[in-house]
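Each value in this text was obtained by applying a stated rule to the coordinates, not by laboratory testing. These figures come from a predicted structure and were not determined experimentally. Glycine also receives a Cβ, built like all others from the backbone with ideal geometry; neighbour counts cover every protein chain displayed.
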């Protein structure tokens, strides 16, 4: 009786190319997932830069408004304009550019609109080289909006106004009874007492 010959080596030869194909496919998927991860990190970096830039622009204006309020503190008829954002003259976008640069991004657009600041940025670095060619030239973009909100209210005195009297300033963290004859800088509310700065939802 003639026994059939074993084909062990032949089977192994057929399986090896399949094995290489599977391994190559798995490696490609691994590199592709890595590229996606790189892109996600880049997007997160862009959003961080946009948030920081928008907040910086708003805080710059908040601080300036607080300084303006201290200058006119003896004339309460001008308080409301300042709490509404009127009078800030400096360019708040200057700080937006600085904060974006610190986060390795550049500002594409900065639009101050009263007490609202819209900023769009682009990362300086791309997602990096990967098996997906476009990632080497793709930069992440993000935008953010920061707003300033007044934390204080007051009521102007009736006419005729009392001599040497200022309105009580009621803020979220307490009340300020201002004495016009004794207005030391350390006794006045600071920017964070007068205004809140936060990212828009």
Point to revise | Order by protection proxy (mean Cβ within 10 Å, highest first), peptides 167-174, 54-61 | key: 54-61, 167-174
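Could you sort the peptides 91-100, 188-197 by per-residue average Cβ neighbour count (10 Å cutoff), highest mean leading?
Top of the packing list down: 91-100, 188-197.
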Exercise for review: May I ask you to order 101-110, 145-154 by the average number of other C-beta atoms within 10 Å around their residues, highest value first?
Suggested key: 145-154, 101-110
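On full extension of the chain, what length is gained from residue 90 through residue 77, given 0.36 nm per residue of separation minus the C-alpha to C-alpha distance?
Roughly 2.4 nm would be gained on extension.
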Point to revise | Separation in nanometres of the label points that stand 7 Å from Cα toward Cβ, at residue 187 and residue 44 | key: 5.0 nm
